[in-house]
1. What are the radius of gyration and Dmax of segment 166-227, computed over its Cα atoms and given in Å?
2. Largest first and to the nearest Å, give the Cα extent of segment 142-273 along each principal axis.
3. How large is the convex hull of the C-alpha atoms of segment 43-199 per residue, in Å³?
4. Can you pull the Kirkwood radius for the chain, inverse mean 1/r over Cα pairs, to one decimal in Å?
5. Give the separation of the Cα centroids, segment 246-273 to segment 158-231, in Å.
6. If each DSSP helix of 4+ residues adds -39,500 (n - 2.57) and the sum is divided by the residues in the chain, what number results at 222 nm, nearest 500 deg cm²/dmol?
7. Angle, helix 23-33 long axis vs. longest principal axis of the chain, Cα atoms, 0 to 90°, nearest 10?
8. In degrees, nearest 10, range 0 to 90: what is the angle between the Cα axis of helix 84-113 and the longest Cα principal axis of the chain?
């Protein structure tokens, strides 16, 4: 059964890393349902994050190469006003800074004091309400090329806020982009591009911790299965979620988050999780 559990956890990671529904909320429920324990939970977590990273890199590979080239070109010829790719490359860097700083200084604080099921449930509802508000009042007409530097910074601040369990990195950054008038799909695309350095950084940190903690080779098959499930499911999740947003609103995810929060409240009351 451990093999099945590994695939399930990997698939859920691939979905919830990119859908605006909160991976932490789902992991709480999964752990309360399945008796899935490993010698190295850290090792498994590392491989799941690497799976998500692979999904991002494969899907956005051409974009990544283009923006890396544009970044280095901008160092030779500073022309942000007219070069769209250069501008977006720098905006991704600017937007990465808040979450990188928050993660570096606040990660241990969050792990120790904010890993509360009750907080997850509350944040699921709070962000769901924001979905409804932004969907109703935002313009949703602009391309991500219209972003200003300070707007990318504020989207980055939203990404930092997503460190609070139950928030959803994709959810909070997408609605922040929509607040600045971006189309849903464009806001999501910028959100995913912005997440690549953060997912890479988080994966690298966890990998270093794993090496220092001692790698458990006996569980490598479970790690690899979780990695594969997260990568494959994550890739198709990105692909079809972007298509979904071209026609439909975030309201369905808002109602889903509220339903998940209600389930968590029930688990809190009955099982004291």
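Computed from the coordinates by the stated procedures, all read-outs in this text should not be read as laboratory data. Only a predicted model underlies this, so the values are computations on that prediction, with no experimental measurement involved. Here Cβ is always computed from backbone atoms with ideal geometry, including for glycine, and neighbour counts include all displayed protein chains.
1. That works out to 16.5, 50 Å for Rg and Dmax.
2. Principal-axis extents of segment 142-273 (Cα, largest first): 51, 38, 26 Å.
3. Details: hull volume 18.3 nm³, N = 157.
In segment 43-199, the Cα hull volume divided by residue count equals 117 Å³.
4. The answer is 19.2 Å.
5. Between the Cα centre of segment 246-273 and that of segment 158-231, the gap is 20 Å.
6. Value at 222 nm, helices only, nearest 500: -26500 deg cm²/dmol.
7. For 23-33 against the chain, the angle is about 10 degrees.
8. 30 degrees
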